[in-house]
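Working notes, structure below.
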Amino acid sequence: MVRSVEVEAERIPRWFANFADRNDGLTEVSATTDGVRAVGGNGTVAECVPPFLRLWAPAGDPVAALAAHAVAERRVGVLLVRLGGFAAGVFVGPALTESKVGSRHVQGRTAAGGWSQQRFARRRANQADQALDAAAETAARILVPVAGDLDALVLGGERKAVDRVLADRALAPLRDVPVEPRFLPVPDPRLDVLRSTPARFRAVTIHLTDPA
């Protein structure tokens, strides 16, 4: 059986120590192009996938290399969009250096029918367009000026809403920024939610396979 966990960057050395304690020591720890592979004495296998994998260049002790890679200070842009709410920020390491959050009212769905339903649908569509346009304007203000300096772009919220925002022509410079494959399904993108994202986008994903 395979199970997956996410381990915060700062906890990597402790996690490996605990893994060894729980699994009769370690018989193998090796660096690969995809991260680090560890095998416990009881046969449990841990496949560790680092964040920012395209920048992964291990040297020396694999665990130390993984820990150093995960906590390295990088400049990362974050864009979170849900229908009606949005947040854009720039992080240097775990520190938020610039940000803007906002919201626009978008009516919920209704079960009414007939012409009333059609008018409601048009009104809701217009509100959604205005909300996503506001999100694009915020991303253009916060992220586009530093696009050339970003190591990565992290996305989250609702996938369709994010895709609609990124399609805005004003955000064309962001298309050259590498996008982290891990999408963050966050709640309403408030400032506290934005501030909490480094714990997730800097985390190491570990896939654990129990012995047969």
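The sum of -39500 (n - 2.57) across all DSSP H runs of n ≥ 4, divided by the residue count of the chain, sets its helix-only mean residue ellipticity at 222 nm to -9500 deg cm²/dmol. If I model a spin label at GLU73 and ALA17 as a point 7 Å from the Cα along the Cα→Cβ vector, what separation in nanometres do I get? For GLU73 paired with ALA17, the spin-label model returns 2.5 nm. Each of ARG200 and GLU28 was given a label point 7 Å from its Cα along the Cα-to-Cβ line. The distance between the two points is 3.3 nm.
Inverting the pair-averaged 1/r between distinct Cα atoms of the chain gives 19.1 Å as its Kirkwood hydrodynamic radius.
Report note on the peptides 173-186, 34-47: ranked by the mean count of other C-beta atoms within 10 Å, highest first, their order is 34-47, 173-186.
Taken together, the values in this text are just the output of simple stated rules run on the coordinates, not laboratory data. Predicted, not measured: the structure shown is a model, and the values here were computed from it. Counting neighbours? That spans all protein chains shown, and the Cβs are built from the backbone with ideal geometry, glycine included.
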